[in-house]
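Take a look at the structure below.
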């Protein structure tokens with residue numbers, strides 16, 4: 001009896017090993033396009049020091065920048081969001097998770113810590129960052145013009161604007177002789193120290209690294225009879241924005257902040273780069289990298305315009321009259 005008779009039990013003719021391999025190969029070939037289609041869209045890993053609110057102005061600006069390069073989330077690009085919720089220690093694990101997921105590019109926002117965390121876990125995947133400090137001094141890039149490695153992005157040069165913030169405070173509170181600078185990591189402050197000396201102002205530098213330290217810092221600032229305050233761009237203060245603004249109100253201290261969001265939330269004044277500029281730019285850079293550009297060939301961008309936002313309601317609560325010179329220069333006045 002021929003061996004082919006065994007196939008009669010199952011109702012199929014005999015299939016040789018060669019034919020079986022051809023069939024399996026054909027089945028795999030037909031499966032491949034579906035798998036390829038599934039993996040066709042590039043993946044962006046979005047690493048934030050905070051949470052990720054998809055309707056936030058920064059996120060809207062980021063997506064607008066992406067769309068300028070032809071990428072629309074959900075249509076031809078996937079975005080994997082990871083947020084540390086203000087806990088710096090979580091950033092390393094979140095960055096490693098994105099690397100393990102083989103994302104095509106990592107976007108790091110919320111200060112220099114997310115970029116540092118991403119840099120520490122990959123030297124190959126491109127990283128696009130936003131930072132308020134000097135990315136060269138932070139070791140993120142070799143230079144602004146020629147980043148050299150796998151990182152590029154935007155620096156808002158926020159700390160460089162502190163002398164200007166001091167000038168605005170002096171115009172608003174001309175009698176202030178003691179001005180506090182609240183910082184998260186005070187490293188290089190000679191520019192504002194020199195500006196304070198020139199104006200005959202005593203500069204009180206106070207640091208805060210945790211939420212409880214913010215309360216302690218404000219108590220110290222009030223105890224030193226500081227008549228005005230510059231709040232630094234620490235990610236801690238951004239996370240605790242409403243708490244910081246409430247403390248300034250509680251102690252009756254006129255304060256100037258770095259981001260427009262602070263003035264919008266009830267802060268007296270803000271002066272700094274538009275957050276929309278920075279987020280739109282990293283969206284554009286992310287899209288360009290997905291199209292094949294190398295981070296090393298994309299210079300770190302710096303803003304060319306800065307926004308002054310004045311909250312008149314808060315000024316009235318503090319018993320201050322905002323001089324016409326400030327109102328004339330303001331990009332936005334909140335009634």
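A few notes on this one:
- Largest-first principal axis extents, alpha carbons of segment 188-335, Å: 55, 34, 32
- Per-peptide average of other Cβ atoms within 10 Å, ordering 323-335, 136-148 highest first: 136-148, 323-335
- Counting only alpha carbon atoms, the long axis of helix 275-290 and the longest principal axis of the chain meet at about 20°.
- Extending 7 Å from Cα along the Cβ direction at residue 54 and again at residue 137 yields two label points whose distance is 3.9 nm.
- Where Rh is the Kirkwood radius over Cα pairs, Rg/Rh for segment 70-186: 1.09
- Whole-Å semi-axes of the ellipsoid equivalent to segment 101-145 (Cα gyration tensor, √5λ, descending): 18, 11, 9
- Taking the C-alpha atoms only, the angle from helix 162-172 to the longest principal axis of the chain is near 40 degrees.
- Cα-only Debye scattering, the chain: base-10 log of I(q)/I(0) at q = 0.09, 0.10, 0.12, 0.14 Å⁻¹: -0.55, -0.64, -0.86, -1.09
- Among 63-70, 171-178, the peptide with the highest mean count of other Cβ atoms within 10 Å heads the list, and the full ranking is 63-70, 171-178.
- Rounded to 5, the percent of DSSP beta bridges in the chain classed as antiparallel: 10 percent
- Gain on full stretching of the segment that runs from residue 72 to residue 327 - 0.36 nm per residue minus C-alpha separation: 87.9 nm
- MRE, 222 nm, helices only [DSSP H, n ≥ 4, -39500 (n - 2.57), over the chain, to nearest 500]: -12000 deg cm²/dmol
- Segments 41-48, 201-208 sorted - mean Cβ within 10 Å per residue, highest first: 41-48, 201-208
- Spatial separation of Cα centroids for segment 260-323 and segment 71-94, in angstrom: 21 Å
- 0 to 90° range, to nearest 10: angle between helix 112-121 axis and the chain longest Cα axis: 30 degrees
- Size of segment 260-335 as Cα extents on the principal axes (Å, biggest first): 55, 22, 14
Every number here is computed from the coordinates shown, using simple stated rules; none is lab data. All values reported here derive from a predicted model rather than from experimental measurement. Virtual Cβ from ideal backbone geometry, glycine too; neighbours counted across all protein chains shown.
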